[in-house]
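Scroll down for the structure; my scribbles are underneath it.
The values are calculated or read from the model by the stated rules, or taken from the named source; none is laboratory data. Not measured: the values here are computed from a predicted model. Please note: Cβ atoms are built from the backbone with ideal geometry, for glycine as well, and neighbour counts cover all protein chains shown.
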Amino acid sequence: MSGINYYYTFPCNSHANAFMINSTGVLESTEEMKKTEILEKYGDVIKHYRTGEDSYYYFRIPDKTIKGGAFRRKKKSREQIEDALYKYYLAKEKEEKESSSKDKTTFEQLFYEFMEHKKEKVSAGTIRRMMIDWKKYYNTKQDFIHKPYKEITPIDIDDFLNGIVNTTEIKDKAFCNMCGILKQTFNYAVSARYISGNENPYRVEVNKKKIIPTRKKPSEEEVYNAEETQKLITEMKRRLQDNPANTSLLAIMLEFELGTRRGEILAVKDSDIANGEIHIHRQIVDVYDVSDLNNAKLKGYKAVEYTKSDAGDRYIPLTHKAMQYIKQIRQINSETGEYYQDFLFVQDGYLINPNKLYNIIKDACKRCINIPVKGTHRIRKTVISTLINNGVPISTASELAGHVDERTTIKNYLFDTDKEKEKKVSILKALGDTTISSESEIETVTNRDKNIILFPINKKAGNPYNKRISH
């Protein structure tokens, strides 16, 4: 029988309708059953009030905002009040069900809800960095992120944070960023009225001695000394002779005169330069597609009409060298016909990728001039350090750097641009040491100096008489 197909046919008459399900009737029947259930459960709260000609039915609805803690829902007939009671408790049950479901929402689910909200307010780059921290520090703690967020206690927060501090060599900045995810997610829950401020479990109580402090790196790693600067600029000039249309090389040379961020210098327009100054108020940023939070994709880069902070909008005076570099760039653009919306640095009709500057410097340092690789940000630190070391007030240097706070300049951008030998000589001179104690000073001694007879100094004069004179 398995190979036989059976077909049933029905006559096109009223009897066929008997086999059709009346969905409307089923719905109405279900609603009536639910109404009966609610009335059986809550019907006794209905009261009848009569005085003289005034008569109505009512039930009380709790409301802490009014005197007495409740108000009366009134209707003229019993049928009307029962219908109102049914609708009220039906809505209340639905609300409680949704609330119960929300109570079971895990911290991970809350985080992703928060991130969907946050990505409408901040840059895609910020979202990408937060997702990197999430995957690194939170995805490995499945018990914590899968716990309903309303059940997370301050002790749970302590255990989570201390678990990270005790098992990873985390630096203070990374720890701060990692904690930011916890803090912002629970603050979102408060703002969304999911929990009250008093119910927010976030706090930071860890053994801070186990967090690695950010120590200032040695100057030789953070800035170019005079010799390294000269070598790099000479190499850029040599490359420019081989490739006269490459304005990226001039961008690197110009950086040594301005100290801007690499995204800022490549976003400069010709119209930003006037009266011996350059107006920095724009930057190039990476563009990411974060529609899939777990898989941010780099789409490209673009110029935006803002800088890293409000303090980034600034005017920088141009040195003679800077003016010469700009003149050369303009001439190259004129000869090659490069143009894109008045931007100074253009290649093949497009903005220059900021990563290109670093790649040029990296190649030059490693392959040609044999110095440690230091990128464009090290050029920025070199310029700012040079300004301060040559007597420019820190407040002025901070303003030229586009920093909001002078402490940022002092903590992260102030280094010694001298070589180690020069540094030691400066220290000894400052301490009043007049002896020749460094190789650099010995190297500067002339032949005439060698003929000078040196006598001991700082030796206490002795008594020329061996015997005491008595009178």
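If we keep just the residues of the stretch 44-60 that are within 19 Å of Ala91 (Cα to Cα) and either among the charged types (D, E, K, R) or at pLDDT below 85 (or both), which is surrounded by the most Cβ atoms within 10 Å (Cβ to Cβ)? Per the stated criteria, the residue is Arg60. Is there a residue being within 30 Å of Asp242 (Cβ to Cβ) and crowded, with 16+ Cβ neighbours inside 10 Å anywhere in the stretch 392-414? There is no residue in the stretch 392-414 that is within 30 Å of Asp242 (Cβ to Cβ) and crowded, with 16+ Cβ neighbours inside 10 Å. Among the criteria (1) in contact (Cβ under 8 Å) with a residue 24 or more places away in the chain; (2) closer than 17 Å to Leu266 by Cβ; (3) loosely packed, with under 12 Cβ neighbours inside 10 Å, the one Ile332 does not fulfil is (3). Return a yes/no flag: does the stretch 242-249 have any residue that is assigned to a loop (DSSP other than H, G, I, E, B), of a type in the set (S, T, N, Q) and surrounded by fewer than 21 Cβ atoms within 10 Å (Cβ to Cβ). Scanning the stretch 242-249 turns up at least one residue that is assigned to a loop (DSSP other than H, G, I, E, B), of a type in the set (S, T, N, Q) and surrounded by fewer than 21 Cβ atoms within 10 Å (Cβ to Cβ). Does Ile371 qualify as being part of a strand (DSSP E or B) and either in contact (Cβ under 8 Å) with a residue 24 or more places away in the chain or under 30 Å from Gln230 (Cα atoms) (or both)? Spelling it out, it is not the case that Ile371 is part of a strand (DSSP E or B) and either in contact (Cβ under 8 Å) with a residue 24 or more places away in the chain or under 30 Å from Gln230 (Cα atoms) (or both).
Return the pair list, or none, for Cβ contacts closer than 6 Å from residues in the stretch 171-199 that are farther than 19 Å from Thr106 by Cβ to residues that are in a helix (DSSP H, G or I) and among the charged types (D, E, K, R), at least 6 apart or on different chains. Close Cβ pairs (under 6 Å, with a partner that is in a helix (DSSP H, G or I) and among the charged types (D, E, K, R)) amount to Asn177/Asp133. Can you confirm whether Asp133 is in contact (Cβ under 8 Å) with a residue 40 or more places away in the chain and among the acidic types (Asp, Glu)? So Asp133 passes the test. For Arg380, state whether it is in a helix (DSSP H, G or I), among the basic types (Lys, Arg) and surrounded by 14 or more Cβ atoms within 10 Å (Cβ to Cβ). Yes, satisfied. Within the stretch 385-414, the set of residues being acidic (Asp, Glu) and either in a helix (DSSP H, G or I) or touching a Phe, Trp or Tyr at 6+ places or on another chain (Cβ under 6 Å) (or both) comprises Glu399, Glu406.
Ala311: in the same structural domain as Glu257 (by TED's automatic domain parsing), buried (at least 17 other Cβ atoms within 10 Å of the Cβ) and small (Gly, Ala, Ser), yes or no? So Ala311 fails the test. Of the residues making up the stretch 317-329, those that are part of a helix (DSSP H, G or I) and touching a residue at least 40 places away in the same chain (Cβ under 8 Å) are Lys321, Ala322, Met323, Tyr325, Ile326, Gln328, Ile329. Scanning the stretch 185-202 for residues that are surrounded by 13 or more Cβ atoms within 10 Å (Cβ to Cβ) and either assigned to a strand (DSSP E or B) or in contact with a helix residue (DSSP H, G or I) (Cβ under 7 Å, 6 or more places away or on another chain) (or both) yields a total of 9.
Screening the candidates Tyr306, Tyr288, Tyr301 for the property of being assigned to a loop (DSSP other than H, G, I, E, B), aromatic (Phe, Trp, Tyr) and within 23 Å of Arg128 (Cα to Cα) yields one hit, Tyr306. Within the stretch 337-348, residues that are touching a residue at least 12 places away in the same chain (Cβ under 8 Å) and among the aromatic types (Phe, Trp, Tyr) have Cβ atoms under 7 Å from residues that are part of a loop (DSSP other than H, G, I, E, B) and buried (at least 19 other Cβ atoms within 10 Å of the Cβ) in these pairs: Phe345/Leu266; Phe345/Ile352, counting only partners at least 6 apart in sequence or on another chain.
Considering (1) of a type in the set (Asp, Glu); (2) touching a strand residue (DSSP E or B) at 6+ places or on another chain (Cβ under 6 Å); (3) over 30 Å from Tyr112 (Cα atoms), the lone condition that Asp363 does not fulfil carries the number (2).
Inspect all residues belonging to the stretch 47-65 and state whether any of them is part of a helix (DSSP H, G or I) and within 18 Å of Ser77 (Cα to Cα). Checked against the condition, which is being part of a helix (DSSP H, G or I) and within 18 Å of Ser77 (Cα to Cα), the stretch 47-65 yields no hits at all.
Taking Gly180 as the residue in question, decide whether it is part of a helix (DSSP H, G or I) and modelled with pLDDT under 95. No; evaluated as a whole, the condition is false for this residue. Within the stretch 206-229, the set of residues being part of a helix (DSSP H, G or I) and exposed (fewer than 13 other Cβ atoms within 10 Å of the Cβ) comprises Lys208, Lys209, Glu221, Glu227.
Working only within the stretch 374-387, note down all residues that are closer than 15 Å to Thr409 by Cβ and in contact (Cβ under 8 Å) with a residue 60 or more places away in the chain. Those that are closer than 15 Å to Thr409 by Cβ and in contact (Cβ under 8 Å) with a residue 60 or more places away in the chain: His377, Arg380, Lys381, Thr382, Val383, Ile384, Ser385, Leu387.
Scanning the stretch 66-111 for residues that are touching a residue at least 24 places away in the same chain (Cβ under 8 Å), assigned to a loop (DSSP other than H, G, I, E, B) and not charged (D, E, K, R) yields one hit, Thr105.
The rows are residues; the columns are (1) more than 30 Å from Met115 (Cβ to Cβ); (2) under 28 Å from the mean Cα position of the chain (by Cα).
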{"position": "Lys209", "(1), (2)": "yes, yes"}
{"position": "Pro213", "(1), (2)": "no, yes"}
{"position": "Ser219", "(1), (2)": "yes, yes"}
{"position": "Asn246", "(1), (2)": "yes, no"}
{"position": "Leu250", "(1), (2)": "yes, no"}
{"position": "Met253", "(1), (2)": "yes, no"}
{"position": "Arg261", "(1), (2)": "no, yes"}
{"position": "Ile284", "(1), (2)": "no, yes"}
